[in-house]
Amino acid sequence: MDAAEFRKRGKEMVDYVADYLEKIEKRQVFPDVEPGYLRPLIADCAPQDPESFEDVFKDIEKIIMPGVTHWHSPYFFAYFPSASSFPALLADMLCGGIGCVGFSWAASPACTELETVMLDWLGKMLNLPEEFLAGKDGQGGGVIQGSASEATLIALLAARTKIIRQVQSEKPELTETEIMGRLVAYASDQAHSSVERAALIGAVKIKNVPSDDTFSVCGSALKKVLDEDKAAGLIPFFFCATLGTTPCCSFDKLLELGPICNKENIWMHIDAAYAGSAFICPEFRHLLNGVEFADSFNFNPHKWLLVNFDCSAMWVKKRSDLIGAFKLEPLYLQHHHQESGLVTDYRHWQIPLGRRFRSLKLWFVLRMYGVKGLQEHIRKHIRLSHQFEHLVLQDERFEICAEVVLGLVCFRLKGSNELNEALLKSINDAKKIHLVPCHLREKFVLRFAICSRTVESTHIRFAWQHISQLATDLLKTWEQNHHQQ
């Protein structure tokens, strides 16, 4: 394909994507395929001779689309949102076109510098404490990671390196292995599984701190676990606080937890993967109060801030903590500006060496929506979640299982877990809308997350009527079966 054909085909692809997104609600939200559906539809091995673009293009609808779950459909209410917008898609195209691998400043100065400035822009939108911003001569700063899972792992590994060095300076007789065996990380029993996975990869013990009846971790619960572990000779070193848990969007009590972590020399990382976007709205910023005690903070613009995956924003108070843990300087990666103090080499802030020019997406979206446009997007989703909550509360067969704060509603039929499992199955088997469940304590609960950029009040009403009708049908057969037994 030469540049002339690329121009032609590029325009066709843009039209195809625009049509796909404009007409997405006509597509069934969840696919009808079985595992292994794709292999029989394509050749056993790559073609020896080149094929035409037309041949490839016509296979998109034939082979790919039948197996796609349409995350951007206004009938998709599962997981959490996956952001998408036309400015971000165009920026992604430019990123692919430039094609730089930005592991150091010299590898592409704009790639590094735009990221530093965009994370300062974003930090100011959230009203983050000054220490988290790079500014002209700050000690902190932001970085774009691939996902919140990566951000948690990076924070945990940096905390681990820092504590090992501290302990060894105080007790030189202890080996690194002996210290590692005594380290403990902590997170809420509601925290995302990626936190446990970070500890697994980091080869340290992790303990769940029990959450209260609002599914939040409070200071006294953390203190109790820390006191027990210190008495047993263990070394607490890392706590991951969650703002907006995956099961029910609950918030750990930062103002109680932060001072304890600071006093006990424990690295506090805040995972606000989903909820963080809402903190750009002044009326939700109080949910981040206590961030001033944290060592690192992360949220995903690629969930709820209209920036396509992958774009996970992470800030640290002391970037030397990250760089100190991951810095290696082979000759082939060195450049003559690296000691200037003005230069960030992001390879020291992350797990991979290479990185895409992801800040372009942030730049395009922040400029083309403006803070006000993004705030309105967040507020609209939250209004729609309260609309759904209101519909649920009007039907006495149902109950709401956790406070609705942002764009997630946790609800269920009053009754057994088996009944609710059957309801979820009938919802997802009908494939008109898509939901996923969670467990809150011993209850099986349905999660209804407002996800699509294009979702409107009509889609919420449709979803509720559909759920309500399926519940009516289910309860009828459930009672009949019960009577027969």
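Collect the residues in region 106-133 that are outside any helix (DSSP H, G or I) and either at pLDDT below 90 or hydrophobic (A, V, I, L, M, F, W, C) (or both), keeping them in residue-number order.
Hits for region 106-133 are 106, 107, 108, 126, 128, 133.
Which of (1) open to solvent by less than 30 Å² (accessible area, probe 1.4 Å); (2) farther than 30 Å from residue 87 by Cβ; (3) among the small types (Gly, Ala, Ser) does residue 449 not meet, given it meets every other one?
(2)
Answer yes or no as to whether residue 110 is more than 20 Å from residue 284 (Cα to Cα) and out of contact with any helix residue (DSSP H, G or I) (no Cβ under 6 Å at 6 or more places or on another chain).
Here the answer is yes, as residue 110 does meet what is asked.
Provide a single number: the residues in region 180-193 that are over 17 Å from residue 248 (Cβ atoms) and not in a strand (DSSP E or B).
Residues that pass the stated criteria total 3.
Return the residues of region 161-191 that are hydrophobic (A, V, I, L, M, F, W, C) and over 30 Å from the mean Cα position of the chain (by Cα); say none if nothing qualifies.
167, 174, 179
Scan region 386-439 for residues that are among the basic types (Lys, Arg) and touching a Lys or Arg at 6+ places or on another chain (Cβ under 9 Å) and jot them down.
Hits for region 386-439 are 397, 412, 414.
Considering only residues that are closer than 19 Å to residue 267 by Cβ and charged (D, E, K, R), which ones fall in region 211-232?
223, 227, 229, 230
Which residue out of 149, 82 is open to solvent by 20 Å² or more (accessible area, probe 1.4 Å), assigned to a helix (DSSP H, G or I) and of a type in the set (S, T, N, Q)?
After ruling out the rest, the residue left standing is 149.
Considering each residue of region 374-401, count those that are small (Gly, Ala, Ser) and either farther than 21 Å from residue 444 by Cα or modelled with pLDDT under 95 (or both), and give that number.
Adding up the residues that qualify gives 0.
Return a yes/no flag: does region 229-238 have any residue that is at pLDDT 95 or above, outside any loop (DSSP other than H, G, I, E, B) and of a type in the set (Val, Ile, Thr).
Within region 229-238, not a single residue is at pLDDT 95 or above, outside any loop (DSSP other than H, G, I, E, B) and of a type in the set (Val, Ile, Thr).
Suppose the filter is under 20 Å from residue 277 (Cβ atoms) and open to solvent by 20 Å² or more (accessible area, probe 1.4 Å); does residue 191 pass it?
yes
Considering region 85-105 alone, what residues qualify as being in a loop (DSSP other than H, G, I, E, B) and closer than 18 Å to residue 144 by Cα?
99, 100, 101, 102, 103, 104, 105, listed by residue number.
Could you check region 208-228 and list, in sequence order, the residues that are open to solvent by 70 Å² or more (accessible area, probe 1.4 Å) and either outside any helix (DSSP H, G or I) or closer than 24 Å to residue 437 by Cβ (or both)?
208, 210, 213, 214
Show the residue pairs that are 6+ apart or on different chains and have beta-carbon atoms under 7 Å apart, the first residue being within region 230-258 and within 21 Å of residue 162 (Cβ to Cβ), the second being surrounded by 22 or more Cβ atoms within 10 Å (Cβ to Cβ) and acidic (Asp, Glu).
Hits for this filter: 240/271; 241/252.
Just to be sure, is residue 97 free of Cβ contacts under 8 Å to residues at least 12 places away in the same chain, of a type outside the set (S, T, N, Q) and open to solvent by 10 Å² or more (accessible area, probe 1.4 Å)?
Yes, satisfied.
Would you pick out the residues in region 194-204 that are modelled with pLDDT under 85 and either β-branched (Val, Ile, Thr) or open to solvent by 60 Å² or more (accessible area, probe 1.4 Å) (or both)?
Result: 195, 201.
The values are calculated or read from the model by the stated rules, or taken from the named source; none is laboratory data. Note that the structure is predicted; figures quoted are calculated from it, not measured. Quick reminder, even Gly has a Cβ in these numbers, built from the backbone with ideal geometry, and neighbours come from all protein chains shown. Remember, those area values only see protein heavy atoms, side chains included, never the ligands or the DNA or RNA. Shrake-Rupley method; radii C 1.70, N 1.55, O 1.52, S 1.80 Å.
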